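In what follows, a single structure is set out as structure tokens and then discussed.
The values are calculated or read from the model by the stated rules, or taken from the named source; none is laboratory data. Fair warning: this is a prediction, and the values are worked out from it, not measured in the lab. Here the Cβ is made from the backbone with ideal geometry for all residues, glycine too, and neighbour counts use every protein chain on show.
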Amino acid sequence: MKVVKKNLYLCLFCIFLFLVSIVPVDALTVWRFEDWQTANDYGYKTKKTSNITNLKGGLEDDGMKVGPFNKASKARIKDGITEEVYVGLDLENYQETELFELSIAINQLDGEQAKYLTEAVVMTQKSGNKFVLTAGWTKKDDPIATIDANGVYTYRWDFKQEKDNKIKVRFTVLDYGKELGTTDYVELAVDNPQDATDVRYLWACNIKAAYGIDIYTTLPVRDENPNTSDIHLFFWIGVIAISGLGIVYSKKKSFS
């Protein structure tokens with residue numbers, strides 16, 4: 001009987017670990033449809049589903065077709081900043097050389113007012129049968145990554161401030177946790193890095209693609225239909241069930 005109980009709990013524990021592994025890790029900021037700003041001709045946003053916001057470029061500015069921006073983030077540079085964005089890529093939606101750029105910017109404190117300090121822009125461009133990701137601040141000609149399969153990818157920016165106040169950023173693109181490409185931590189040249197405070201915005205700063213960009217609020221489950229909320233529900237059901245069984249077992253043991 002003890003062996004059966006031991007195997008039962010081992011099985012339940014394995015199920016618990018599986019449920020934990022499939023729950024998507026939310027980004028520090030959840031980029032929701034209602035948080036995207038389009039004022040002053042900053043492009044257009046369309047709610048494709050409850051989880052997908054499509055962004056399109058609007059105002060032409062110095063050859064850039066600017067899109068919506070999002071000020072939802074409250075991440076502080078003093079704590080180290082990690083922001084993730086879930087981007088849907090489908091080769092059929094883009095023509096050759098079409099591109100979009102996403103940027104995360106940092107504020108500086110100027111008296112009582114927060115002002116722009118610096119940013120890290122990443123470009124995604126279709127080239128042949130793949131997407132090529134590049135960034136000018138890396139000071140390298142090599143692409144960060146190439147992507148040749150349709151899917152939803154995690155774009156991650158890591159900012160940190162060194163003891164000498166220098167601000168460095170690393171960009172990584174992931175396919176459900178699998179790293180496809182990353183940069184080193186690269187210093188962003190700014191005059192007064194000691195005044196850096198927080199994230200200013202996530203901005204679709206250049207959308208030269210008729211289709212626009214699909215941004216996901218939460219990372220969908222790969223190759224399955226249930227949405228993220230369903231998966232979270234399964235997770236908590238598993239936690240409650242395991243906890244309940246543990247309590248019952250403890251009570252039985254105390255009476256024996």
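Within segment 98-111, the presence of at least one residue that is more than 13 Å from TYR201 (Cβ to Cβ), modelled with pLDDT under 95, out of contact with any helix residue (DSSP H, G or I) (no Cβ under 9 Å at 6 or more places or on another chain) and not aromatic (Phe, Trp, Tyr) is confirmed.
When segment 48-67 is filtered for residues that are without any contact (Cβ under 8 Å) to a residue 40 or more places away in the chain and surrounded by fewer than 14 Cβ atoms within 10 Å (Cβ to Cβ), the ones remaining, listed by number, are THR49, LEU59, GLU60, ASP61, ASP62, GLY63. Being in contact with a helix residue (DSSP H, G or I) (Cβ under 8 Å, 6 or more places away or on another chain) and assigned to a strand (DSSP E or B) is a condition met by at least one residue of segment 174-191.
Residues in segment 110-151 that are touching a Lys or Arg at 6+ places or on another chain (Cβ under 8 Å) and either more than 24 Å from TRP31 (Cα to Cα) or not assigned by TED's automatic domain parsing to the domain that holds GLY67 (or both): THR146, ASP148.
Per-residue answers, yes or no, for (1) aliphatic (A, V, I, L, M); (2) not in a strand (DSSP E or B):
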| site | (1), (2) |
| --- | --- |
| GLU119 | no, no |
| MET123 | yes, no |
| PHE131 | no, no |
| ASP142 | no, yes |
| LYS160 | no, no |
| LYS163 | no, yes |
| PHE171 | no, no |
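Yes/no matrix, rows are residues, columns are (1) in the same structural domain as ASP191 (by TED's automatic domain parsing); (2) surrounded by fewer than 19 Cβ atoms within 10 Å (Cβ to Cβ); (3) in a loop (DSSP other than H, G, I, E, B); (4) of a type in the set (Val, Ile, Thr):
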| site | (1), (2), (3), (4) |
| --- | --- |
| LYS74 | yes, yes, yes, no |
| LYS78 | yes, yes, no, no |
| VAL85 | yes, no, no, yes |
| SER103 | yes, no, no, no |
| GLN108 | yes, no, no, no |
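Only residues that are of a type outside the set (A, V, I, L, M, F, W, C), touching a residue at least 24 places away in the same chain (Cβ under 8 Å) and under 19 Å from GLY136 (Cα atoms) were counted across segment 185-200, and they come to 1.
For every residue, the table says whether it meets (1) polar (S, T, N, Q); (2) under 25 Å from ASN93 (Cβ atoms); (3) at pLDDT 95 or above; (4) within 14 Å of the chain's Cα centre (by Cα).
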{"position": "ASP158", "(1), (2), (3), (4)": "no, no, yes, yes"}
{"position": "LEU174", "(1), (2), (3), (4)": "no, yes, yes, yes"}
{"position": "THR183", "(1), (2), (3), (4)": "yes, no, yes, no"}
{"position": "LEU202", "(1), (2), (3), (4)": "no, yes, yes, yes"}
{"position": "ILE231", "(1), (2), (3), (4)": "no, no, no, no"}
